[in-house]
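The values are calculated or read from the model by the stated rules, or taken from the named source; none is laboratory data. It should be emphasised that the depicted structure is a prediction, and the values quoted were computed from it without experimental measurement. Positions of Cβ are generated from backbone atoms using ideal geometry, with glycine treated the same way; all protein chains shown enter the neighbour counts.
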Amino acid sequence: MPSLQPKRKTSEPGSLKHWAMIVFESLGVGALTIMLVFAAVLVIVGVYVQIVWPLTDWDMVSVSLEPYRSLITTVLVFIFMAASAAGFWLISGSAWRTLRRTPPVRSVAPKRRISRAPF
């Protein structure tokens, strides 16, 4: 019966796989940003429903967002693309390339004091 041995990794992942993973993570940053925008809109609507509506009885029946549909779509696409670009800039390491590396601080062990006990 042949023995089963796990395959050993022979090489590092290719450059294409590396950049594909970075792009995928960057798109995840964009999607997370859109989710945060939606969460903020839900919080604003919740505050409106809890505070403004009961006090004023202004239920906004006559307000329609249909004329602003293309503007809202454009803003959401812009937010997604800007957040994805910022995520790519951070995740790829481009943001950290200009930082100067500081030399490591050498710590010197303190000298031991020999105390003289009065005998």
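How do the pairs read when you match residues in the range 16-27 that are acidic (D, E) with residues anywhere that are in a helix (DSSP H, G or I) and at pLDDT below 90, using Cβ under 8 Å and keeping only pairs 6 or more apart or on different chains?
Here the result reads none, with nothing in the range 16-27 linked to a residue that is in a helix (DSSP H, G or I) and at pLDDT below 90.
For residues that are polar (S, T, N, Q), assigned to a helix (DSSP H, G or I) and surrounded by 12 or more Cβ atoms within 10 Å (Cβ to Cβ), tally how many sit in the range 69-94.
Residues flagged as polar (S, T, N, Q), assigned to a helix (DSSP H, G or I) and surrounded by 12 or more Cβ atoms within 10 Å (Cβ to Cβ) within the range 69-94 amount to 1.
For the range 81-119, enumerate the residues that are without any contact (Cβ under 8 Å) to a residue 60 or more places away in the chain and either on the phi > 0 side of the Ramachandran plot or in contact with a Ser or Thr (Cβ under 7 Å, 6 or more places away or on another chain) (or both).
A83, S84, G93
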